[in-house]
Amino acid sequence: MNTESAENIPSDNNDVTSSGSPAESFADLFEKSNKQVVRFSPGQKIKARIVSISGDLAFIDLGDKSEGAISVSEFRDKEGNAQVKPGDEFEAFFVSVENGIRKFTTLIRGYSAISLKNIRDAFEAEIPVQGEIKREVKGGFEVLVGDVRCFCPFSQIDLKGGREGGIYLGRTFPFKVLEFEENGKNIILSRRSLLEQEKAEKVEKLKASLQTGMEVTGTVRSVLNFGAFVDLGGIDGLIPASEISWARNERPSDILSLGQQVTARILSLDWGNNKLSLSLKAMQPDPWSSVAATYAEGSRVSGKVVRLTPFGAFVNLEPGIDGLIHISNLGTGRRINHPKEVVEVGQTLEAYVLSVDTDNRKISLSINPKVEPEKITLPSVGEILEGKVEKIMPFGVFVKLKNGLTGLVPNSEMATAQGSDHKKTFPEGADIKVAVIEIDTDNNKVKLSRKAAMDMAVKQEYEEYLTESRQTDSSSGGLGTLGDLLKAKMEGKK
């Protein structure tokens, strides 16, 4: 091949057929060969555009260089005028193939020209029809689809069933044909099935779009003691009572009401169990973020008592912030058995901040200002002390020592017979001698024993006796009889 002849070969864009018309490129031919005619299934919905009208048929473009047809009668109004023209767009449903023509319908438009055959086609293809609710009858409603009378049971008019017929009368809705029997004499419709289908589609879209941490807006559908359900447009989310507000003691009904629009944050998604948890509290600033600056140690605060427990009283200082007054900080120098002896729920009181633990969200309070405790000199183990009975408990006796420290004598250390009534034997305020048997230096606690004190006293007397006996022995030159020694001891005590 010479250069000149090669240069004269026409390009793809300039190829012509023998008749002189441009030839199709290989790419165009390949694309055409792979183009298949679109197949439709009964009831399939498409976006239709009228391309032409011929006689009783309106032809629509199906997008695959083919056309479908819709009866012009579906577009006629009550006066018989056709309300359609080329270029109009709407939704249509595939019915069947008749005489090689793919037939579609717009039954959902609901014109009076709809016939029994159209409704039967809709029933077979599961295509919705448009109907007007005319009146309430026994068990449901009479619905006109075009000029055909149909029946919709109460249970099928809405998702929850509609007994309030007045709110539906005169209104037009899409319906699914549930039954078509006796040649059209018994036609049963359902609006509920379409609503359920629509809801299911919305739920699937929400499942695909929702994520943990996302902010969503919905309508409060119900308010209960444990929280509130919010409709997010097809699916409900639960706001637990603990996630409605930072304030712990407010009821959900005090904050939320039916129909209220709220914006919340998604806490968790569990599609397996159809559970979606929301939080309103997460949309508000965390009050604990500024606690350290607001409640300095030693500062004076005011709050309301919201809860009593055996170990103390909880005081609400602001929404979401509670402080604890331990039972040991409730008394004014006296021992109390329960906080209710000093305060009650709902009472407003002033207190002092002892400490703030932001990591664990704890504030310790006291009725009295914080003072540095006096340094107590603890006794030694084995030391014998004198004190007064302060309180009798089932497990032992509390003894107030002369240095101000209180110690416990367990029942096993009282040197009394098992089952003895210590309240009678050792009344409060009675003098008692005890020995220190154990010390807890971290908590300034001592464990005492009356039994050990008695044993140590006997031992001391015995040692004194031995000392005196040795002295007597050395002066008399002999040990003497046991009777002499005891006699000498007794005379020494006189």
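The values are calculated or read from the model by the stated rules, or taken from the named source; none is laboratory data. Here the structure is a predicted model, which means the values were calculated and not measured. A quick note on method: Cβ atoms are made from the backbone with ideal geometry, for glycine too, and the neighbour counts reach across all protein chains shown.
For the stretch 269-276, does any single residue satisfy the condition of being farther than 27 Å from Ile363 by Cβ, without any contact (Cβ under 8 Å) to a residue 60 or more places away in the chain and among the basic types (Lys, Arg)? Quick ask: steps written out before the conclusion?
Let us first name the residues in the stretch 269-276 that are farther than 27 Å from Ile363 by Cβ, namely 269-276.
Still in the list and also without any contact (Cβ under 8 Å) to a residue 60 or more places away in the chain: 269-270, 272-275.
From what's left, among the basic types (Lys, Arg): 275.
Within the stretch 269-276 (the criterion being farther than 27 Å from Ile363 by Cβ, without any contact (Cβ under 8 Å) to a residue 60 or more places away in the chain and among the basic types (Lys, Arg)), the answer is yes, since at least one residue qualifies.
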Open item on the list: Checking the conditions here, which among Glu91, Glu124, Glu79 is more than 23 Å from Phe175 (Cα to Cα), exposed (fewer than 15 other Cβ atoms within 10 Å of the Cβ) and not β-branched (Val, Ile, Thr)?
Closed with: Glu79
Task: Test set (1) small (Gly, Ala, Ser); (2) at pLDDT 55 or above; (3) surrounded by 11 or more Cβ atoms within 10 Å (Cβ to Cβ); (4) over 53 Å from the mean Cα position of the chain (by Cα) - Ser96 fails condition number - done: (4)
TODO: Test Ser52 against the criterion of being of a type in the set (S, T, N, Q) and either modelled with pLDDT of 85 or more or over 30 Å from Gly146 (Cα atoms) (or both), and give yes or no.
DONE: yes
- [ ] Run Ile46 past the list (1) hydrophobic (A, V, I, L, M, F, W, C); (2) out of contact with any Leu (no Cβ under 7 Å at 6 or more places or on another chain); (3) at pLDDT below 80 and report the number of the one that doesn't hold.
- [x] (3)
TODO: Return the residue satisfying two criteria in turn: it lies in the stretch 391-409 and is buried (at least 16 other Cβ atoms within 10 Å of the Cβ) and not β-branched (Val, Ile, Thr), and of such residues it is modelled with the lowest pLDDT.
DONE: Leu405
Open item on the list: Just to verify a result, which residue in the stretch 275-295, among those that are surrounded by 11 or more Cβ atoms within 10 Å (Cβ to Cβ) and in a loop (DSSP other than H, G, I, E, B), is modelled with the highest pLDDT?
Closed with: Leu280
Task: When residues of the stretch 447-467 are limited to those that are in contact with a Gly (Cβ under 9 Å, 6 or more places away or on another chain) and within 18 Å of Ile392 (Cβ to Cβ), the one surrounded by the most Cβ atoms within 10 Å (Cβ to Cβ) - done: Leu448
Open item on the list: What's the total number of residues in the stretch 232-261 that are in a loop (DSSP other than H, G, I, E, B) and not basic (Lys, Arg)?
Closed with: 15
Open item on the list: Quick test for you: out of Lys423, Lys433, pick the one residue that is in the same structural domain as Met393 (by TED's automatic domain parsing), more than 14 Å from Leu378 (Cβ to Cβ) and in contact with a helix residue (DSSP H, G or I) (Cβ under 8 Å, 6 or more places away or on another chain).
Closed with: Lys433
